[in-house]
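Every read-out reported here was derived from the displayed coordinates using simple, explicitly stated rules and does not represent laboratory data. Bear in mind that the values here come from a model prediction, so they are computed numbers and not experimental data. As a convention, Cβ positions derive from the backbone with ideal geometry for all residues, glycine included, and neighbour counts pool all protein chains shown.
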Amino acid sequence: MNHKAPLRLLLACFKHETNTFSPAPTPLRRFFRDGDTPLVGDAAAAARRGTGTGMGGFLEVTDREGCEITVAVVAEASPSGLVDTEAYERIVGLILDTARGKVFDGILLDLHGAMVTPAHEDGEGELLRRLRELQPTVPIGAAFDMHANLYPGMVARLTVLSGYHTYPHVDMAAAGRRAAELLVRTIRGEIRPVLAWDNRPMLPHVMRQGTHAQPNRSLQARCIEFEQTGTVLAASVFTGFPHADIRNAGLSAVVCTDANEEQARRVRDELLDQAWENRSAFVYKGQPLEKSVAQAKSATGRLVVLLDHCDNSASGGTMDTTGVLAEVLRQDLQDAVFYAIRDPQAVEQAIAAGIGNEVTLSVGGLSELTATGDANPPITLSARVRTISDGAFRLRGPMMAGVAISAGKTVVLQAGGVQVVVTSMATEPHDLAYLMSLGIDLDRVRYLVLKSRVHWRAGFGSLAEDVIECDSVGVTTSDYSKLRFERVRRPIYPLDAL
């Protein structure tokens, strides 16, 4: 094949991390900022070009190499419950229609790896199966999230694969570049990639998957070392997303080498063995909420971060539980900011009251936490309206730098010593822009309460002098005893003693 002509590549992004315990629906409009209007073609490329995303990494390479690209779609929804069948079929259809009957030299997919629909517990695997029916021989490369729950069918249908090495995910673009560069080299005949995949019976707690600490820090460092020394083309350890009750939820690894299957298997097994030997370090142990908030109150650091981690929207949380906020108010923390409670109706009521006016509102408690059996009562706030915002801003980075975000209409309420942010949409605060867009000055904040698990470290980690993890209620709880696992493979650690 003559590849002096520009390479013709099909690009697509279809990403969702599905929390099967979450009551939050995932319709089509959740995937696109403009409602049900898909982001396709040149507009899709423009939205991601120069951003810290996997697709941004793809475009950096394809622009540099002078490739002719067709972007089928950029569709990404924040984590929630099962992806609606209609939404799945519409977006998959856009990708398949672009691939059908056309000649491409390669395909690049920016995927998450933990998408679940009512019919498919490996949503990406089904996409790849259908894509292979249309393009059986074309090389396909993919970038995956570190929390991917991989199935052998996914890997078997790919030519090259690369995963993130950081959590918070500040290297999305790097993973995209790596996948794109390997695909281009494959098309040009410079390498002959082989992939080796396997998993271990482990469900690591997300709260212990951060690469700021062990055990994942050394695992990912080992992957990077293998890549940088040329031992392999790509090495990826996927810690997995445990809040998906599907067979292959949990930790796995994929290694890509140049025509050396034995080497790929050896490195893969070394990584998996290291993870298994350190499995107990992936287990989170909590404490009573009252004790956590009291610990924060007695901390000596200038900025104390409290994590309302059981209701993290970026893991499928509903972002409307009020337990941590209620305890922060009860213990009368001063100079505090709480980000955030999702309650569109409360936002509208505060807007109607107007800036500077006092208002009494029922806030939060909108969702039934059926999966955990926990009560989710609202909280009554008597507060002054400080700020009204459209909730639109652009991320500063390092995570997803340059991406436009919308939290929907947003208000800041002053309730005692706490500035309570109330949003219309669910979004995890992981960037200084979340606060700066609301005029919140961190220099005047002593306690920063965030509905986040680990991603908050991307924007705030260097500023936090004390970090307190607060257990409450929500569908991103680390207490597996509250969740009914029926489909995941058993035995599996730590659900079972292994």
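The figures follow:
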| read-out | value |
| --- | --- |
| Hull volume in cubic angstrom per residue (convex hull over the Cα atoms of segment 143-242) | 94 Å³ |
| Simple label model, 7 Å out from Cα along Cβ direction - E89 to A5, nm | 3.6 nm |
| Relative contact order %, segment 8-282, counting alpha carbon pairs below 8 Å whose residues are six or more apart | 19 percent |
| Relative contact order (percent, whole number), the chain, Cα cutoff 8 Å, 6+ residue spacing | 17 percent |
| Cα-centre dipole for the chain with unit charges at Cβ (Lys and Arg positive, Asp and Glu negative), debye to 20 | 500 debye |
| Length gained when the stretch S218-E290 is fully extended (0.36 nm per residue, less Cα-Cα span) | 22.6 nm |
| Selection from A497, I191, G35 lying farthest towards where the dipole of the chain points positive, charges on Cβ | I191 |
| Segment 289-477: C-alpha gyration tensor shape, a/c 1.5 cut-off, then a/b vs b/c | rounded |
| Listed residue (A350, I388, T318) projecting farthest to the positive dipole end of segment 289-477, Cβ model | I388 |
| Aspartates and glutamates with Cα under 13 Å of K409, excluding same-chain neighbours fewer than 8 positions away | D343, E348, D390 |
| For segment 362-388 and segment 393-449, distance of Cα centres in Å | 18 Å |
| Calculated FRET efficiency for the pair D42/R132, C-beta based, R₀ 41 Å, to 0.05 | 0.90 |
| DSSP-defined beta bridges in the chain - what % are antiparallel, rounded to 5 | 45 percent |
| P(r) histogram, all alpha-carbon pairs of segment 8-282 included - 5 Å bins from 0, percent | 1, 6, 14, 18, 20, 18, 12, 7, 3, 0, 0 |
| Assigned charges on the beta-carbon of Lys, Arg, Asp, Glu; segment 289-477 dipole about Cα centre (debye) | 420 debye |
| Segment 229-250 and segment 310-353: distance between their alpha carbon centers, rounded to Å | 33 Å |
| Measure of compaction for segment 223-374 (Cα Rg per 2.2 N^0.38 Å) | 1.53 |
| Binned Cα-Cα distances of segment 272-319, short to long, each 5 Å bin given as a whole percent | 5, 14, 15, 15, 19, 16, 10, 4, 0 |
| Isotropic mean projected area of the C-alpha convex hull, the chain (nm²) | 21.9 nm² |
| Within straight-line cross-link reach of K285, lysines at Cα separation under 24 Å, skipping those fewer than 8 residues along the same chain | K297, K451, K482 |
| Span from the segment 253-296 Cα centroid across to the segment 1-71 one, whole angstrom | 29 Å |
| Cα-centred dipole magnitude for segment 8-282, charges only on beta-carbon of K, R (+1) and D, E (-1), debye, nearest 20 | 80 debye |
| Spin-label pair A156/E486, simplified geometry with 7 Å Cα→Cβ offset, distance in nm | 2.8 nm |
| Cα extents of segment 99-192 along the three principal axes, largest first (Å) | 34, 32, 20 |
| Lys/Arg +1, Asp/Glu -1 at C-beta; the chain dipole; positive extreme among V304, V488, A24 | V488 |
| Globularity ratio of segment 4-139, using Cα Rg and 2.2 N^0.38 Å | 1.03 |
| Whole-Å semi-axes of the ellipsoid equivalent to segment 419-497 (Cα gyration tensor, √5λ, descending) | 33, 15, 11 |
| Sequence-separation-based contact order of segment 124-240, relative, with Cα cut under 8 Å and 6+ spacing, percent | 29 percent |
